[in-house]
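Structure first, then comments.
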Amino acid sequence: MSDDTGKENQDSRAPGAGTRSALEKTLSSIMVAGREILATRKLSLPTRTDPVESLVDLCKELLDHRGEASGLALAGEITECYRALPDAGRLAFFKALAEQFEVDGEAVLAAADAYRDSKKVECLREIARSIEAPRQKLFRRINMAPNGTQTLVAMRGNLLKVLRSNPDLKGVDVDLKHLFVSWFNKGFLEMRRIDWSSPALVLDKIIAYEAVHEINGWDDLRSRLREDRRCFAFFHPAFENDPLVFVEIALTDTTPGAIAPLLQQDRELPNLEKVSTVVFYSISNCHPGLGGVSFGNFLIKNVVEELKKELPTLKTFVTLSPIPGFRSWLQQADLSELVSEELAEKVVQPLGSVIDSAVYDTLEKLCAHYLLQEKSGGLARDPVARFHLGNGASLQGLHRAADLSAKGREQSAGIMVNYLYDLPKIEINHEAYFEKGQISVDRSISRLLS
């Protein structure tokens, strides 16, 4: 199927395409009235030539504002002004949020002293009010505008790009993430199955957001949505047909040891009445601004329940996962106590098309060490391992030459891993991992450490 064929149905397949929800219409009419009120009142904001200073003035005005209609209009202006800023302007705006909308330390101390003297509940509430940065209130008010939620999520995505080099902005990130955890909790999420009849707008998003194994056009996508494949996504009311996270699944008879057969377009379809294994081979988070807000664990568990109802023959739930941090660790680590100097030089080199078996043997052992013994904050250093082990999965299989794509060689040295979701043991593994740091692992992998 060509790109044009897929895209020509974009509007016709989208539910409610070309129309706006009743809520959007209501908010729009309120904003029109609000703009008229603002124009009539002629707000006494200073005239600024700098767009960042103008945006900061609007934010301060919104914090002090009480009128609903005019406040909504102000929030709308703020979202428009922010989106129009270049990268340098956004960084300056983040610095203003950090400096001018921070907690008032003196007010916190005064509230604490008042409570210490009186022990009154009112004083305790004043402490709670004083320790919340004014920017949290600002963000909540911006969130009320049409596209306010999307703007704030995009704002945090922009912020995360510069956070490492600007640690003074950490408080802004903490406040946004704190709000997102509430706004995007499980109760607001809707799981949908994505198939070839889904709105083309959604299918376009799936192609664009796929972060693990690139989707090469509409034919490739159609292959991944055939009868022996599944795709499920979480959606949020504020994002309509824009998914937050999605997972791609293969239905097979065995646990796979390589990604190429799963992505092969020309393949023989299995008998779905007899398939026994669910393979989660790609999980993509769609919006960088929602990083650290957990969706994937809920999605996997919901998908497991959904598939068990659809196909009672399913017994095994397993991943085929990359190890994205492995080679970067190899290049930075002191390997002198793990391998010989000669092999250490070879394993850190980029992989060619032909790989010596001794090198791969060494890479496998080092990968087992990396997954089981290299930690960050007491948990697995590798982000994918940390995710699945934290969900209660066990480390089941390690496969050399499993992903020989350029990305697979660069990130994981071509190695992939299976994480097994053994349903009766998920909660036990989860508790052991977080309470004791114990990793449930198959002997075939733990033996590599010796």
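The values are calculated or read from the model by the stated rules, or taken from the named source; none is laboratory data. Everything numeric here is computed off the predicted structure, so don't read it as measured data. We place every Cβ from the backbone using ideal geometry, glycine too, and count neighbours over all the protein chains shown.
Counted as qualifying within the stretch 281-390 are the helices (runs of 4 or more DSSP H) with 2 or more residues that are surrounded by 20 or more Cβ atoms within 10 Å (Cβ to Cβ) and β-branched (Val, Ile, Thr), namely 296-310. Looking at the stretch 145-164 only, could you name the residues that are farther than 11 Å from Lys177 by Cα and charged (D, E, K, R)? Of everything in the stretch 145-164, those that are farther than 11 Å from Lys177 by Cα and charged (D, E, K, R) turn out to be Lys161, Arg164. Restricting the stretch 413-425 to residues that are crowded, with 19+ Cβ neighbours inside 10 Å and more than 14 Å from Gly257 (Cβ to Cβ), the residue that is modelled with the highest pLDDT is Tyr421. Condition (residue is more than 30 Å from Leu262 (Cα to Cα), touching a Gly at 6+ places or on another chain (Cβ under 8 Å) and touching a residue at least 24 places away in the same chain (Cβ under 8 Å)) applied to the stretch 120-133: is it met by at least one residue? The answer is yes; a qualifying residue exists. Scanning the stretch 401-412 for residues that are surrounded by fewer than 20 Cβ atoms within 10 Å (Cβ to Cβ) and not charged (D, E, K, R) returns Ala401, Leu404, Ser405, Ala406, Gln411. Here Glu68 does not qualify as out of contact with any Pro (no Cβ under 9 Å at 6 or more places or on another chain) and free of Cβ contacts under 8 Å to residues at least 24 places away in the same chain.
Quick check on my filter: what residues within the stretch 201-228 are of a type in the set (Asp, Glu) and either outside the structural domain of Leu311 (by TED's automatic domain parsing) or over 19 Å from Ile259 (Cα atoms) (or both)? The answer is Asp204, and nothing else. Return yes or no: is Leu398 crowded, with 17+ Cβ neighbours inside 10 Å, in contact with a strand residue (DSSP E or B) (Cβ under 6 Å, 6 or more places away or on another chain) and closer than 17 Å to Ile445 by Cα? Yes: the conditions hold for Leu398.
Per the conditions (1) more than 29 Å from the chain's Cα centre (by Cα); (2) closer than 21 Å to Pro167 by Cα, the sole criterion not satisfied by Lys95 is (1).
When Ser357 is tested against the conditions (1) more than 33 Å from the chain's Cα centre (by Cα); (2) polar (S, T, N, Q); (3) at pLDDT 90 or above, the lone failure is (3). The residues of the stretch 244-263 that are free of Cβ contacts under 8 Å to residues at least 24 places away in the same chain and either assigned to a loop (DSSP other than H, G, I, E, B) or under 30 Å from Gly157 (Cα atoms) (or both) amount to a single one, Thr254. Has the stretch 269-282 got any residue that is more than 17 Å from Leu307 (Cβ to Cβ), small (Gly, Ala, Ser), out of contact with any Leu (no Cβ under 8 Å at 6 or more places or on another chain) and in contact (Cβ under 8 Å) with a residue 40 or more places away in the chain? Looking for residues that are more than 17 Å from Leu307 (Cβ to Cβ), small (Gly, Ala, Ser), out of contact with any Leu (no Cβ under 8 Å at 6 or more places or on another chain) and in contact (Cβ under 8 Å) with a residue 40 or more places away in the chain, one finds none in the stretch 269-282, hence no. Among the residues of the stretch 155-173, those that are among the polar types (S, T, N, Q) and more than 19 Å from the chain's Cα centre (by Cα) comprise Ser165, Asn166. Those residues that are exposed (fewer than 14 other Cβ atoms within 10 Å of the Cβ) and either in a loop (DSSP other than H, G, I, E, B) or small (Gly, Ala, Ser) (or both), I need them from the stretch 426-450; list them, please. Correct list: Gly437, Gln438, Ser444, Ser446, Ser450.
Whether a residue is assigned to a strand (DSSP E or B) and in contact with a Cys (Cβ under 9 Å, 6 or more places away or on another chain) was assessed, and Phe232 does not pass this test. Asn241 passes all but one of (1) touching a Pro at 6+ places or on another chain (Cβ under 8 Å); (2) not in a loop (DSSP other than H, G, I, E, B); which number fails? Every condition holds for Asn241 apart from (2). Within the stretch 279-318, being closer than 24 Å to Ala368 by Cβ, over 18 Å from the mean Cα position of the chain (by Cα) and among the β-branched types (Val, Ile, Thr) holds for Val279, Thr316, Val318.
Kindly indicate whether Pro167 is in the same structural domain as Gly71 (by TED's automatic domain parsing) and modelled with pLDDT under 95. First the steps, then the outcome.
Working: in the same structural domain as Gly71 (by TED's automatic domain parsing): yes; modelled with pLDDT under 95: no.
So Pro167 fails the test.
Checking each residue of the stretch 64-81 against the condition of being assigned to a helix (DSSP H, G or I), at pLDDT below 90, assigned by TED's automatic domain parsing to the domain that holds Asn143 and surrounded by fewer than 14 Cβ atoms within 10 Å (Cβ to Cβ) gives at least one match.
Listed here are the residues, each with its yes/no results for (1) touching a Cys at 6+ places or on another chain (Cβ under 7 Å); (2) modelled with pLDDT of 95 or more.
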position: Asp220; (1), (2): no, yes
position: Leu225; (1), (2): yes, yes
position: Ala238; (1), (2): no, no
position: Asn241; (1), (2): no, no
position: Val245; (1), (2): yes, yes
position: Glu248; (1), (2): yes, yes
position: Ile259; (1), (2): no, yes
position: Leu269; (1), (2): no, no
position: Val278; (1), (2): no, yes
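With respect to (1) modelled with pLDDT under 90; (2) more than 28 Å from Asn158 (Cα to Cα), the lone exception for Val304 is condition (1).
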